[in-house]
Structure formats: structure tokens, C-alpha cells
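Undergrad: A single structure is presented below for examination.
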Amino acid sequence: MATDTHTARRPVLAVLPRVTGLLNRAVTIALLALLVFWLAVNFVQGPGQFGSVLLIGFTNGALYALIALGYTLVYGIIELINFAHGDVFMWGTMITVSIAGTRLGLDGSQSGIVTFFGVLAAMVGAMVFCGILNPTIERVALRRLRNAPRLAPLITTLGISYILSNAAQFFYGPNYTGVGAILPSNILFLDWPAKSLIVILATIPLLLALTYVVRRTRQGKAMRAVAQDMDAARMMGVDVDRTISFTFALAGILAGAGGTLYVLEITTTRYDLGQIGLLAFTAAVLGGIGNLTGATLGALIIGLIQAFNEGLSWHAPGEQWTTSIVFSILILILVFRPQGLLGQPEADRA
Amino acid sequence: MSAEAPPAPTANPPALLELDKVRTFYGRIEAVKGLSITVNEGEIVTLIGANGAGKSTTLRSIQGLTKPKAGTIRFAGKEIQNAPPHQIVQMGIAHSPEGRRLFPRMSVRENLEMGAFNRSDREGIEQDTEHVYSLFPRLSERRGQQAGTLSGGEQQMCSIGRALMSRPKLLLLDEPSMGLAPILVDKIFEIIQEINREGTTILLVEQNALIALGIASRGYVLETGRVTLSDRAEALATNDEVRKAYLGIS
Ligand SMILES: Nc1ncnc2c1ncn2[C@@H]1O[C@H](COP(=O)(O)OP(=O)(O)O)[C@@H](O)[C@H]1O
Ligand SMILES: [Mg+2]
């Protein structure tokens, strides 16, 4: 009897998910079509403007990617969301201001070579500083909590976020600090912001280097092993503590580089800039937390959304809506694809 | 570090591994309660006992994965109970753990490479990889496949092969028969014997006492964290208590 009703009902039940699946797909397609239409109209109305907005989008995306990768690297290896990461990035911007502005006095009036090496020095300085700061945080505050309940290290990172932010306020004051326009804003005849192009061009080799480290080096192998099974990695002779430190260092280095590029692009910063980390974290979740390509993709998407929303003129909601839009998309993604765009339930982390 | 000459039990072959009154806790639960065992160079020694007796914890203590609270563990004359796991691996102990614990999203080949993590002699690693493939031809066929998608038997082979990749002096095997069909179990135990003949000392943990005692030279019976019996394997296999409790023979 029971089997009878079971088989009788089965076709109906089987069709249901297919219908909702179709509905989902239809809605998704409709939304995407609307988006494409909106972009197309904007493009037709002002191709030049569209082009520079696109570039700004990629620039934002590149900056977010450098921060988002830090969240995803650390999450990938110890499943912790490091809420202090945005503030490490903020310190990268501060160190950049100190080196490029205060120490070297770069303001765009120097020759190309001087500017180039000055910016390089600032970037290396910020990368080294954040590359040391981040693993130090792990060593001092997080390592001893590795076997504690999940909430303990999470709350700790929140506390550290405040400490880093207050320390920056102490050293750099409560107001915006910054540098002059170190990079030119136009190249040749193009109406394109050259500094944005430079940000993108500087990000690409950093991402390639990261990919190389994770995929090809011994430390990268250790990272992947720890991410997949920490105890098994120990049994293979991997020094897990060192591997985690290394991961935090990588995350810090990228945040430091991001800090320099941010200052070049935006020219000002403040002690509370770490809040930008929230958007970058969203990017990491959007792409699939723990997945490096996903973090980059998520960051590009959010960067583009922000630029389109704030820069296009035909029916763009405008700047005050950016955060709402980004988080609405995040919520939709979490509802319909909780693992993020590229994360599979068993995602190839790190 | 100074190896105070351990009181040699008798004029036997030198002890490769010696646990002396080792006590290991999980929180307040004492899983290993003052365990003393010895494994001599070249032997296969087995630890048998019911589920929860503390067999896996003993292996994890040797490997440094769970630190003993008291007692000493001496390997090749050195005290290792305070050394971190990666140093213990470098000293020559490898572990094929309970549940295999392969890296699921790495290929068979990459898992074997992970086993050689602390080695840099490329040629030697290549040779050992081929050797593992010759011991387990099945793995050779699957070398590009993700370890998470292997069958249980293949995973066990990969786990043992991976442990061999560090060229260990001592191999810790935790329930290699678990969940495998009897034919496969026989096959794997033949290979374990072959690995031993090639010169690797083996400490074998099993619930399947019959087959473990069949290939071991000596055995220890564990009950709730304590050794209750220790003897030559043949003697244990004919011991009435053991037969009752672990061989299902009355
Ligand atoms: N991670 C753990 N946390 C708490 N108790 C544990 C843990 N692992 C094992 N135990 C306990 O320690 C005892 C010994 O376990 P184990 O060494 O796994 O036994 P065996 O391998 O002989 O089955 C058991 O009582 C078990 O419940
Ligand atoms: Mg066990």
C-alpha cells in the first residue's frame, strides 16, 4: 500500500523542483537581460563615459581583489573570517602615505623615474609592514585560540580591528591624510584616468605571483594540504603553524600592495578605512569563500557594480545605493547559491 | 637529547620504539593510561583491542599529534614525546591513520608527493613513487584521479603508499582492514608483510585480531587504555581469553 501511494505521487513530486528550477532560471535570465539592456542604453548614450566607468570598475575590482584574497586565503586554511583584515589594509595605506608623501615628498612634480622608484619603495614598504603585521596578529592573538570554540577567534579579530584602527587614529590623527596626485590622470589623448590603468597593471603580476606560490611552491602545497586536512598535513611532516603564518603573511602582503594602489588612486585615507574590508569580504563570499579565483571574480563584479551604479547617467540608482545593492546581491547569492559563484560544496580551496 | 642508555631489556635486538608509562588525555578523559610497549627493529608488532581501547590514541601520541601528559616515548634512542609532529616525521616515523585521511581534492600522485613533503631528492622520490606503484598497481592506474573519488580499498592503498613516501624507519598502520572486502584485506596484508621484508618496522593497530596476529611477531592486547596481555603473536592467537574476546571463538 505504502509503496503504491509512493509511486503514484512520485511524478508530481518530481515535477515540482523542475518547475521551480525553471522559474528560477527564467527570473535569473530576465534580470540579466534587464541589466544588459540598461548597460547597452548607457553605452549608446555615452560610449566615452561608459569606457571610463568600465575602467574605474576594473580598478575598484582590482583593489577589492587584493583585499578579498586575504579573507579567502585565511578562511581557506583555518576557516576563520579575519575581521581585522580591512584594518591591515588601512595600515597599508598609512604606511604608503608615510613613505611616499611624508618621507619622499612625491607629489607628481618629480620625474617619471623618481616617481616610479618612489612608488615602488612605498609599495614594498607597505607590503613588508602588512606582511609582518598580519602573521604577528595570528601569532599573538589567534594561535592560542586554535582549539577554542569558533566564536572566540572571531571576536578576537573584531577586537584587533578596533585596536588597529585606534592605533592609526593615534599616529595619523582623526582626519583624512593623503598624498598629492602622484600619478598623472590622463594618458596621451585618451580621456582615461591613467592612474586607474596603472592600478590594474600593477595588480595583474601580483595575482600571477600568488597563483604561482599557491600552485607551484612547497609552501603552497603545504597550504593546500592544511586547507584540506590539517591533521593529515601534520602527519606528512608539514609544519602547520608555519604554514598558517605564511598564509597570513601572504594575505598581509597583498593587503599592503592594495593599500599603496588605493592611495595612488584615491590619494586620501583615514583611520576608519578598514570598513572597506566589508565590501571585499562580500566579494570573497560572492565568489565562494576559500576559492582564490572566486575572490578575484567576486571583487571584479562588485567593483563593476559600484562603478556602473555611481558613474553611469541613465537610470543609475547612485552612490548612496551602492552598499544596499551589493548586499542585496550577496543575499540573493547566499539564498540561491550558498557556496558562492565558483565555490563547489567541495571547493578546491586555496 | 643526551641519550641516557635505556636499560636494555635483554640482549635482544635494539628497541626502535619504546613507550614508557605513556598517559594521554582528551580534555579530562584519559584515553591512554600508562601504556608501555616496545617495538624492535625489523618487527611487525600489533596492538589489538576493542573499539575505544585507545589504539589510535597510542599511534597519535607516538606521532606527536596528541601530546602525552606523562611518560616517555623513545624512538631510535631519542625522547620524542615533546617533539612536534613534523620533526617526528623527519626522524623516520610515518602514519597511515584511521580513516585513511587522504587529501580528497588532490590526485593520487599529489597525495604521494605530500608523503615526500620533507624530501628534496627528486630522483629518490621518483623511484619511491614507482615503487609504490609497483606494490599497488591499482594506484598506478588511478594516479591522476582525485583521492576523494577512490574506492575504499584504493584509498587504503594510497594511504599506505603515501606513508611509505617519507622512507620511514617505522610505519604506523591504523586499521588497514577497516571496511574492506576479505579478499582485499588479504591482499593488503600480504603487501604489509612485503614492506616489512624490505626493512620497514611496523606497528599495526587492528580490531581484526586474527589477521593481525597472523602476520605479527608480537602483540599487545589493549583494554580501556591499558595493556592487559602481551606475548608472541602465536601465543596470543591461541590464548583462551584472546580467542574469546577478539577472535569470536569460544
Ligand atoms: N578527539 C577525541 N575527543 C575526546 N575523546 C576521544 C577523542 N578521540 C578518542 N576519544 C576517546 O578516547 C578513547 C580511545 O579512543 P581511540 O584511541 O580512538 O580508541 P581505538 O582506536 O582503540 O578505537 C575512547 O574512549 C574515545 O571515545
Ligand atoms: Mg581507532
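Undergrad: Just how much of residue A:315 is accessible, in Å², when a 1.4 Å probe is used and the result is rounded to the nearest 10?
TA: Solvent-accessible area, nearest 10 Å²: 140 Å².
Undergrad: Take the residue pairs A:195/A:221; B:69/B:169; A:221/B:33; B:33/B:78; B:67/B:244 and return only those whose Cα atoms are more than 31 Å apart.
TA: Too far apart for the 31 Å limit: A:195/A:221; A:221/B:33; B:67/B:244.
Undergrad: If you don't mind, there's one more thing I want to ask. Provide the FRET efficiency to the nearest 0.05 for the residue B:231-residue B:28 pair, computing r from the beta carbons and using R0 = 25 Å.
TA: Step by step, r from the Cβ atoms, then E = 0.15.
Undergrad: I'd like the mean, over residues of B:107-119, of how many other protein chain beta carbons sit within 10 Å of each residue's own Cβ.
TA: 3
Undergrad: Taking all pairs of distinct Cα atoms, average 1/r, flip it, and tell me the Kirkwood hydrodynamic radius of the protein assembly as shown in Å to one decimal place.
TA: Here the Kirkwood hydrodynamic radius works out to 27.7 Å.
Undergrad: Which order do the peptides B:90-103, B:25-38 come out in when sorted by mean C-beta neighbours inside 10 angstrom, highest first?
TA: B:90-103, B:25-38
Undergrad: Can I ask one more? Counting C-alpha atoms alone, how compact is the range B:122-208: give Rg to one decimal and Dmax as a whole number, in angstrom.
TA: Final numbers for Rg and Dmax: 12.6, 38 Å.
Undergrad: Give the long-range amide H neighbours of residue B:228: residues separated by 5 or more places, or on another chain, with amide H under 5 Å away, using H modelled in the peptide plane at 1.01 Å from N.
TA: Under 5 Å from the amide H of residue B:228 lie the amide H atoms of B:221, B:222, B:223, each far enough along the sequence or on another chain.
Undergrad: Assign unit charges at the C-beta atoms only (+1 for Lys and Arg, -1 for Asp and Glu), then state the dipole size of chain A relative to its Cα centre in Debye, rounded to the nearest 20.
TA: Charge dipole of chain A: 860 debye, to the nearest 20.
Undergrad: Expected output is a single nm value to one decimal: the length gained when fully extending between residue A:314 and residue A:110, i.e. 0.36 nm times separation in residues minus the C-alpha distance. What is it?
TA: Answer, rounded to one decimal: 69.5 nm.
Undergrad: To the nearest 20 debye, what is the magnitude of the charge dipole of chain B about its Cα centre, counting +1 on the Cβ of each Lys and Arg and -1 on the Cβ of each Asp and Glu? Let's see the in-between values first.
TA: Details: 29 positive and 29 negative charges, 158 e Å.
I would put it at about 760 debye.
Undergrad: Could you give the spread of the C-alpha atoms of chain A along their three principal axes, from largest to smallest, in whole angstroms?
TA: Sorted largest first, the three principal extents are 87, 60, 38 Å.
Undergrad: Quick check: with the 1.4 Å probe, what order do B:180, B:139 take by accessible area, largest first?
TA: Details: B:180 25, B:139 0 Å².
Highest to lowest solvent-accessible surface, that is B:180, B:139.
Undergrad: Moving to a separate point now. Residues of A:224-231, mean number of Cβ from any other protein chain within 10 Å of their own Cβ, rounded to a whole number?
TA: 5
Undergrad: While we're looking at this one, here's another question. What does the highest-first list of A:113-126, A:274-287 look like by mean Cβ count within 10 Å? Kindly include the intermediate steps, with their values, before the conclusion.
TA: Numbers: A:113-126: 18.3, A:274-287: 24.6.
Top of the packing list down: A:274-287, A:113-126.
Undergrad: Between beta-carbons, use under 15 Å as the cut-off and find the net charge around residue A:157, counting Lys and Arg +1, Asp and Glu -1.
TA: Residues near residue A:157 contribute +2 overall.
Undergrad: How are the alpha carbon pair distances in the range A:280-350 distributed across 5 Å bins from zero to the largest one, expressed in percent?
TA: Once binned at 5 Å, the Cα pair distances of the range A:280-350 give 4, 20, 25, 21, 14, 9, 4, 2, 0.
Undergrad: List the chymotrypsin sites (Phe, Trp or Tyr not before Pro) in the range B:150-250 that DSSP assigns to loop (not H, G, I, E or B) and whose Cβ has at most 15 other Cβ atoms within 10 Å. Which are they?
TA: In loop regions of the range B:150-250 (DSSP not H, G, I, E or B), there are no sparsely surrounded chymotrypsin sites (Phe, Trp or Tyr not before Pro).
Undergrad: At a 1.4 Å probe, which residues in the range B:64-92 are at least 20 Å² less accessible with all protein chains present than in their chain isolated?
TA: Listed by number, the residues meeting the 20 Å² cut-off are B:65, B:85, B:86, B:89.
Undergrad: Per residue, what accessible area does the protein assembly as shown have, given a 1.4 Å probe and all protein chains present, in Å²?
TA: Per residue, the protein assembly as shown has 47 Å² of solvent-accessible surface.
Undergrad: Can you tell me the Rg and the Dmax, both Å, for the Cα atoms in the range B:105-172?
TA: Every Cα atom of the range B:105-172 included, Rg and Dmax give 11.0, 31 Å.
Undergrad: Tell me the label-point distance for the pair residue A:171, residue A:215, using the 7 Å Cα-to-Cβ offset, in nm and rounded to one decimal.
TA: With each label placed 7 Å out from Cα toward Cβ, I get 3.6 nm.
Undergrad: Which of A:134, A:81, A:148 sits farthest toward the positive end of the charge dipole of the range A:58-273, with +1 on the Cβ of Lys and Arg and -1 on the Cβ of Asp and Glu?
TA: A:148
Undergrad: Leaving out ligands, DNA and RNA, calculate the buried accessible area for the pair A and B with a 1.4 Å probe, summed over both sides, in Å² to the nearest 100.
TA: Counting both chains, the buried surface is close to 2100 Å².
Undergrad: List, in order, the whole-Hz ³J(HN,Hα) value for each residue of the range A:30-39 obtained from phi through the Karplus relation with A = 6.51, B = -1.76, C = 1.60 and θ = phi - 60°; use x for Gly and Pro.
TA: Residue by residue, the range A:30-39 yields 4, 4, 5, 4, 4, 4, 4, 4, 4, 5 Hz.
Undergrad: In what order, largest first, do A:230, B:165 sit by accessible area if the probe radius is 1.4 Å?
TA: Sorted descending by solvent-accessible area, the residues read A:230, B:165.
Undergrad: May I pose another question? Could you work out the pair-distance distribution P(r) of the range A:95-138 from its alpha-carbon pairs, with 10 angstrom bin width and percents rounded to whole numbers?
TA: P(r) over the range A:95-138, rounded to whole percents: 30, 45, 18, 7, 0.
The values are calculated or read from the model by the stated rules, or taken from the named source; none is laboratory data. Note that the structure is predicted; figures quoted are calculated from it, not measured. For neighbour counting, all protein chains shown are included, and Cβ atoms are generated from backbone atoms with ideal geometry for every residue, glycine included. Ligands, DNA and RNA are excluded from the accessible area calculation, which covers all protein heavy atoms including side chains. Shrake-Rupley method; radii C 1.70, N 1.55, O 1.52, S 1.80 Å.
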